[in-house]
1. Consider just the alpha-carbon atoms of region 183-234 and return their Rg together with their Dmax, both in angstrom.
2. If you put +1 on each Lys and Arg Cβ and -1 on each Asp and Glu Cβ, how big is the dipole of region 126-257 around its Cα centre, in Debye rounded to 20?
3. Largest first and in whole Å, what are the equivalent-ellipsoid semi-axes of region 106-202 based on the Cα gyration tensor, each being the root of 5 times an eigenvalue?
4. Along the principal axes of its C-alpha atoms, what lengths does the chain span, in descending order and rounded to whole Å?
5. Any chance you could get the radius of gyration and Dmax over the Cα atoms of region 54-93, in Å?
6. When DSSP beta bridges are limited to those with both residues in the chain, what percentage is antiparallel, rounded to the nearest 5?
7. Over all alpha-carbon pairs in region 112-268, figure out the percentage whose distance exceeds 20 Å.
8. Based on the mean of other beta carbon atoms within 10 Å per residue, what is the order of 30-43, 243-256, most packed first?
Amino acid sequence: MVNDPIPDEVSRHGAYICVRPFASASDGADTASAIAALATRFAVINEFDADGRHPADAIAYLRTIDTTPAAIGDEGLLHATCLIHVASADAGRVTEFCDEAERLLGASAATQTLRGVVRPTKYTSGTMHGFAYAQQVQQQPGRTTPHAFLVPMRKTAEWWAKNWMERHTFFLPRYDEHGRMLNEGHALAAAAGIASLMRRTYKHPSEPAPEGVYEFINYFECADAAVPTFHQVCAALRDVTRNPEWRFVREGPTWHGRRVATAAEMFA
């Protein structure tokens, strides 16, 4: 018997710092300068200028356009005026940056940090990789793909009680004995976004996650013309007649923002 498991090591750590300035906070210029100096100190590269891949040690400045409440109440995300994204293969770098940023922001804003990791996909065969990932949109400059969306979620206890083989079946279409499609499953319901939505998911290090913690932090970027596609994909995934998986999903607020080039623009 060969015991040669597929690697499951964490390859990247990421966090979104949700920022809600206090009503009494003064001009954000000083705060913006402090965050910009912190980015310089940690030598993180601005994703606004990315062209084809995420920077190895990355930061992004995201200014809120609107938020939509959902089943999971989350005041920190729902009322955030901006998000700061930071990511690296070095967990310590991400943790230290977040700790320092929260300290700098503490006098002028309420903060909440959503964290996760990147691991290899679990349910992806070679054929499915070719369908869903091989041709996926890579990160583009903020000037061409200015829209950002964050959709955090967790799954129900009923989902995690299923064995992995049954969970796997929800990602694929289901057919009756005559070959007629009964429902699309996750993969086909989301297919419209493959060509136009840059997507990134951070997962909680353990599954299921502790109560009250998100298991999946899903992030998307797109051009102006693809915003309707994002909403189309979300609607398809949430339609349990098309995608039964969503019976076991509980979402936090959908956050919609704009990618900006500097901390000063984010706090303007």
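The numbers here are math on the coordinates, done by the rules we state, and not lab data. Bear in mind that the values here come from a model prediction, so they are computed numbers and not experimental data. Reconstructed Cβ throughout: ideal geometry from the backbone, glycine too, with neighbour counts over all protein chains shown.
1. Here Rg and the maximum Cα pair distance are 13.3, 38 Å.
2. Its charge dipole is roughly 140 debye.
3. Over the Cα atoms of region 106-202, the ellipsoid semi-axes are 31, 21, 13 Å.
4. 66, 45, 37
5. 13.2, 34
6. 95
7. Details: 6804 of 12246 pairs.
Counting pairs separated by more than 20 Å, the tail of P(r) holds 56 percent.
8. 243-256, 30-43
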